[in-house]
Amino acid sequence: MLDKTGAELYAEREQRINDAMALKETDRVPLSMFSHFWPATLAGITFEQAMYDYDAFHDAMRQTLELMQPDMYALNQTYICVGPTLELMNFKQLEWPGHGTEPNVSFQFLDREYMKRDEYDAYLADTTDFFLRKYMPRIAGAFEPFAKLPYLPAQYYFKMIRVPTAFAGDEMIEGLEKILAAGKEMRKMMGGALKFAKDMAERGFVQSIGGSAAAPFDNFADYLRGSKGAMLDLFRNKDKLLECMDRVADCIIEDTIIASKNNPSRQIFIPLHWGLDNFMSPEQFELFFWPPLRKVLMGFIEADLIPCVLWEGDCTTRLETIADIPVGKAVYWFEQTDMGLAKSVLGGITCLRGNVSSSVLITGTPDDVDEECKKLIKVAGKGGGFILDGAIGLPDEAKVENVIAMAESVRKYAN
Amino acid sequence: MSNEKHEKLVNLIADMEEDEALTLTQELIDEGAEPTAILDICRAAMDIVGQRFEDNEYFVPELILAGEVLDQMSAMVKPLIADTTDEEDKVDSGMVLIGTVHGDLHDIGKNIVTFMLDVNGYNVIDLGVDVSPQAFIDAIKEKSPEIVGLSGFLTLAFDSMKETVEAISEAGLREEVKIMIGGGQVDEQILNYTGADSFGLNAMSAVNQCKEWIGEAA
Amino acid sequence: MTPKDSDRDPKELYQERVERIADTVALKETDRVPYIYLTRFWNAKLADMTSKDTMYDVEKSISSNRKAIELLQPDAFGAANYAYGQALEKLDYHPLEWPGGGAADDVCFQYIDKELMVPDEYDEYLFDPTAFYLQKYLPRIATGFEGLKHFPNFPTLSEWNIIYNLRAFANPELQESFKTLMEVGEMVDHSMTKMTEFIKEMIEAGYPMAIGGFCKAPYDHIVDFLRGSKGGMLDMFRHKDKLLETIDKARLLLNTNVVEGAKLVGCPYVFIPLHWGLDGFMSPDQFNEFYWPSLRQTIHDLIDAEMTPVILWEGDCTTRLEFIGDIPPGKAIYWFERTDLHTTKDVLGDVVCLRGNVPPSLLNTGTVDEVNAYCKDLIEYVGKGGGFILDGAASITDEAPIENVVAMAESVRKYANK
């Protein structure tokens, strides 16, 4: 393998992944590398360093790829190397290493009610206005002065000429300076990450994420109403919630298509948070969660993108419902759902991905890992249509030798 | 090729059925209709539109839409016409020179008057907006119109109209043209102030004034 | 000759004037007919300045406004503040030509009729108006707004996507726009701050404000600022449903903060100049379908919020009179430009306070005696029993000779409305 050129390796891996997603049988099961801070664990730097020291984390990523030789990888920098940007914008939805959590503890999202119960109408009437003058000032300190902007669609003629006065105050100038600085910082980081990706591509490594999106229900539960608010809305604001989700589905489709345009990967990563069993009833799932999510998936598929849905938790009772998508056009990545069961229901419909358990990767031995991977490859990999990955990628605390065992298993066991 | 279809097209245009009118136009062209026949249909339809406007049945929105339909139909038949232009039909008609006076950029009123004069068979030359006295004089010398129409919406147009009329007089052309003024703020008092011959508040009064001065257009 | 108000206590005068207008709006008889002073650039003429002078120097704008108000002693005034010349230049605001910016030094500014939203964009406007404004509309109307087209589309983003998309703020064009807006903001703020001080000074001198806020008829807004006059008319046929839906939406958007703003400055008069409602432009049926229902709703909403809508019915609106009386009595002002006020008094006299309408032609080219005679007739007939405010047909025209304007202002003290 290592005597092949980068270009040859790249083409071979890309083909292997594409074939697996198209449900074709391949020479072996492809391996995915997805992680948060595990590269920092491998390289011996703190999570805090990973978030603030771009070069150190590029190096950690390089070590990880060289060690695992995956068929595809997620460009982690884009969501790890964001410490300086988060600080500049004073981002309030996260606590992160060095900023609310310990230097070696992963970032955590703060579940809050960012949109109030009676704001559905404002959201529906003028979504961007709601974001500009209400939501953004709540989630990021630098955007606070935006709350004082005039309502733009009500401005005309001489009222329009007076709009710039909103940009004249000290608070606004200070806020804008921070936002512009955050923009520069993000661009600098992304520039470095893209250069890394280019270097890695020359050496044969293929990216797995061409864009990301949220399920419409998650969008409201996570980022707007908070989990409690969204659950109550299933009863109290049912119609408004459905209307809003239908609307945001259109927004998500449109924006993701634009954002992913020049990306080397056609896969759109959609991690789900609230679709799992036991959280909502199958009836609620079928009413609130699945239809707007399906609309998003179909929108991507029609645009020739490949939705890669991470079904968090155990989704056993959802399997029959979610089988209703076109054949060979998506990837379903399951965290805890039994892969044998998933294969029996969804095999022949969608490519599966996962799900070496985090507990084994963290606390097991290489033999334990090897055993689990072997089983997955035999069962889920049978006849093609399977990509090996951790249950939610590599847990931050996974032992190095266990990750090596996982990476080697695809080359050891035939499907 | 039936006269029934021709009549139907006239009515579709006159009744503001844009999509159907354009579809039927294409159908007639595909069936080999003479371009001139289609232009005749347009003219017949515009006569009805003009009449309905005079009768207060139609208002400005209908004139604008009729103009749009006419433009689209002309564009459809134009490739089929060799050299003859319908401008020649109007050589003998009365000629009206029109423009919004210096300093004023409003053209809606002027455009409506232009349209209605055109529909009524006059040969209208539109100089646009913010037209200087000299530009009016140059055009009068070049085209020899019978009538000059000065349009203006703002009160500043009072003086611009006055200056234009005076400049036409100074150029020795005052006897050769009748001058009518029109626009949102114009009235009898301003007629006297500017030294023009007539004023009007709407497109129909402009048409009627032209008829009075130079008779029905050919 | 009645004694001038200027000898009296300003506080007392202020109260008396506020009540005189309020009583007139309520259709009560008052000691005399009130006169309200508004203009665009007549104050410049009075002070021997050009329009451009007052657009580029707020101090000149203020001193000429002061001069006019002190001369005319109106019952209420609107400050003619257009001292935004530098700001307009820096912003490079396209829809306007103004003295110093495309127009001659001594004329009024003019709004350029243009299609700024194409028919396909109705849906975008309806779906997310602010996104449409940021990404499409604002960049079209001014160079200073152009960079805003790179503004991230926040509602489509969540969590990490919000953070990655901050990259947009590194875009040099967006940064340039912000820089421009900050500079323009300083200029406009300077002008507005000075003018606010001036208005306070005038209030202390006994003159109430005539305008607490502005609003638009929804159809006018769509025609003037979005579709252009031609598009707005064609849409009555080609996109009727979208147009009606957008009229409904625009009404809600336009009402935003109008009441709050008027309450903040403590003046209940919300000025709504109309553009396309006049006779001859659209048919009575079209008026009743596209124009009046949404405007009527705006009027009702403002009245419900304890505002007094001031509707300037431009042009001749004679055929509209039979429809537009359908509002709560004694709660609004209808200002007519060319509609005959005798007829209007007969039709609407017990419904709404009337205002107007000394013609521009008379003010600009008539004699003092002619102006006096005209005002006397208005005061005696239209003012009879109350419910009439004297004003120009379209306020005081920029070119009006000073003596004519003075005659008009003084006529309310000379002639009794009984």
Condition broken by A:ASP3, with the remaining ones in (1) outside any helix (DSSP H, G or I); (2) of a type in the set (D, E, K, R); (3) within 19 Å of A:GLY328 (Cβ to Cβ); (4) free of Cβ contacts under 8 Å to residues at least 60 places away in the same chain satisfied: (3)
Evaluation of C:PHE323 against (1) in a loop (DSSP other than H, G, I, E, B); (2) out of contact with any Cys (no Cβ under 9 Å at 6 or more places or on another chain) (one fails), failing number: (1)
Residue within region A:400-413 that is touching a helix residue (DSSP H, G or I) at 6+ places or on another chain (Cβ under 9 Å), assigned to a helix (DSSP H, G or I), modelled with pLDDT under 95 and under 17 Å from A:LEU31 (Cβ atoms) present: yes
Qualifying residue in region C:92-107 (condition: of a type in the set (Ser, Thr, Tyr), over 20 Å from C:GLU197 (Cα atoms), in contact with a strand residue (DSSP E or B) (Cβ under 8 Å, 6 or more places away or on another chain) and in contact (Cβ under 8 Å) with a residue 60 or more places away in the chain): no
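If I filter region C:158-178 for residues that are among the hydrophobic types (A, V, I, L, M, F, W, C), in contact with a helix residue (DSSP H, G or I) (Cβ under 9 Å, 6 or more places away or on another chain) and closer than 29 Å to C:VAL58 by Cα, do I get at least one hit?
Looking for residues that are among the hydrophobic types (A, V, I, L, M, F, W, C), in contact with a helix residue (DSSP H, G or I) (Cβ under 9 Å, 6 or more places away or on another chain) and closer than 29 Å to C:VAL58 by Cα, one finds at least one in region C:158-178, hence yes.
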Pair list, Cβ < 8 Å and 6+ apart or interchain, from region A:259-285 residues that are farther than 18 Å from A:ASP233 by Cα and of a type in the set (Ser, Thr, Tyr) to residues that are at pLDDT 90 or above and surrounded by fewer than 19 Cβ atoms within 10 Å (Cβ to Cβ): A:SER260/A:ARG266; A:SER265/A:GLN207
Residue that is over 26 Å from A:TYR73 (Cβ atoms), at pLDDT 95 or above and open to solvent by less than 50 Å² (accessible area, probe 1.4 Å), where the choices are A:PRO307, A:PRO326, A:PRO291: A:PRO326
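Check B:LEU24, B:LEU28, B:LEU9 and return the single one that is assigned by TED's automatic domain parsing to the domain that holds B:LEU65, over 21 Å from the mean Cα position of the chain (by Cα) and over 18 Å from B:LEU65 (Cα atoms). If you could, list the steps in order and put the result at the bottom.
Working: B:LEU24 fails: over 18 Å from B:LEU65 (Cα atoms); B:LEU9 fails: over 18 Å from B:LEU65 (Cα atoms).
Step by step, each of B:LEU24, B:LEU28, B:LEU9 is checked, and only B:LEU28 is assigned by TED's automatic domain parsing to the domain that holds B:LEU65, over 21 Å from the mean Cα position of the chain (by Cα) and over 18 Å from B:LEU65 (Cα atoms).
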Residues satisfying the stated conditions in region A:207-228, i.e. open to solvent by less than 10 Å² (accessible area, probe 1.4 Å) and over 20 Å from A:LEU310 (Cα atoms): A:LEU224, A:ARG225, A:GLY226
Unique residue being within 11 Å of chain A (Cβ to nearest Cβ) and farther than 21 Å from A:SER260 by Cα when the list is C:GLU183, C:GLU173: C:GLU183
Leading residue by the ranking (nearest to the other protein chains (Cβ to nearest Cβ)) among those in region C:239-259 that are assigned to a helix (DSSP H, G or I) and in contact with a Gly (Cβ under 9 Å, 6 or more places away or on another chain): C:VAL258
Scan of region B:86-112 for residues that are within 28 Å of B:ILE41 (Cβ to Cβ) and either within 14 Å of chain C (Cβ to nearest Cβ) or at pLDDT below 80 (or both), ordered by number: B:ASP86, B:GLU87, B:GLU88, B:ASP89, B:LYS90, B:VAL91, B:ASP92, B:SER93, B:ILE108, B:LYS110, B:ASN111, B:ILE112
Selection count where residues are under 17 Å from C:ALA250 (Cβ atoms) and either touching a Lys or Arg at 6+ places or on another chain (Cβ under 6 Å) or surrounded by fewer than 19 Cβ atoms within 10 Å (Cβ to Cβ) (or both), scope region C:186-213: 0
Elements of type strands (runs of 3 or more DSSP E) in region B:89-172, at least 3 residues being touching a residue at least 12 places away in the same chain (Cβ under 8 Å) and more than 12 Å from the chain's Cα centre (by Cα): B:147-151
Single residue of C:LYS90, C:LYS45, C:LYS67 found to be more than 17 Å from C:ILE396 (Cα to Cα), among the basic types (Lys, Arg) and either open to solvent by 50 Å² or more (accessible area, probe 1.4 Å) or not in a loop (DSSP other than H, G, I, E, B) (or both): C:LYS90
Spans of helices (runs of 4 or more DSSP H) in region A:129-245 with at least 3 residues more than 30 Å from C:ARG251 (Cβ to Cβ) and within 12 Å of another protein chain (Cβ to nearest Cβ): A:170-202, A:216-223
Residue check, C:GLU59 in contact (Cβ under 8 Å) with a residue 24 or more places away in the chain, open to solvent by 60 Å² or more (accessible area, probe 1.4 Å) and of a type outside the set (A, V, I, L, M): yes
Region B:139-170: number of residues that are surrounded by fewer than 16 Cβ atoms within 10 Å (Cβ to Cβ) and over 13 Å from B:GLY99 (Cβ atoms): 6
Criterion violated by C:ASN81 - all others in (1) open to solvent by less than 10 Å² (accessible area, probe 1.4 Å); (2) within 22 Å of A:ARG162 (Cβ to Cβ); (3) in contact (Cβ under 8 Å) with a residue 24 or more places away in the chain satisfied: (1)
Criterion violated by A:GLU283 - all others in (1) acidic (Asp, Glu); (2) out of contact with any helix residue (DSSP H, G or I) (no Cβ under 8 Å at 6 or more places or on another chain); (3) in a loop (DSSP other than H, G, I, E, B) satisfied: (3)
Residue match in region A:116-126 (condition: away from every other protein chain (no Cβ under 12 Å) and buried (at least 21 other Cβ atoms within 10 Å of the Cβ)): yes
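Here's the yes/no breakdown for (1) modelled with pLDDT of 95 or more; (2) surrounded by fewer than 24 Cβ atoms within 10 Å (Cβ to Cβ); (3) touching a helix residue (DSSP H, G or I) at 6+ places or on another chain (Cβ under 9 Å):
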position: A:MET21; (1), (2), (3): yes, yes, no
position: A:PRO30; (1), (2), (3): yes, no, yes
position: A:ALA43; (1), (2), (3): yes, yes, yes
position: A:ASP55; (1), (2), (3): yes, yes, yes
position: A:ARG62; (1), (2), (3): yes, yes, yes
position: A:MET72; (1), (2), (3): yes, yes, yes
position: A:ASN76; (1), (2), (3): no, no, yes
position: A:VAL82; (1), (2), (3): no, no, yes
position: A:MET89; (1), (2), (3): no, no, yes
Residue match in region A:337-346 (condition: more than 23 Å from A:PHE269 (Cα to Cα), of a type in the set (Val, Ile, Thr) and outside any loop (DSSP other than H, G, I, E, B)): no
Checking C:LEU312 against (1) within 14 Å of chain B (Cβ to nearest Cβ); (2) out of contact with any strand residue (DSSP E or B) (no Cβ under 6 Å at 6 or more places or on another chain), the condition it does not meet: (2)
Residue within region C:123-134 that is closer than 19 Å to C:ILE222 by Cβ, open to solvent by less than 10 Å² (accessible area, probe 1.4 Å) and more than 11 Å from chain A (Cβ to nearest Cβ) present: no
Yes/no for A:PHE57 being aromatic (Phe, Trp, Tyr) and within 26 Å of A:ARG411 (Cα to Cα): no
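The values are calculated or read from the model by the stated rules, or taken from the named source; none is laboratory data. Predicted, not measured: the structure shown is a model, and the values here were computed from it. As a convention, Cβ positions derive from the backbone with ideal geometry for all residues, glycine included, and neighbour counts pool all protein chains shown. With ligands, DNA and RNA removed, areas are computed over all heavy atoms of the protein, side chains included. Shrake-Rupley method; radii C 1.70, N 1.55, O 1.52, S 1.80 Å.
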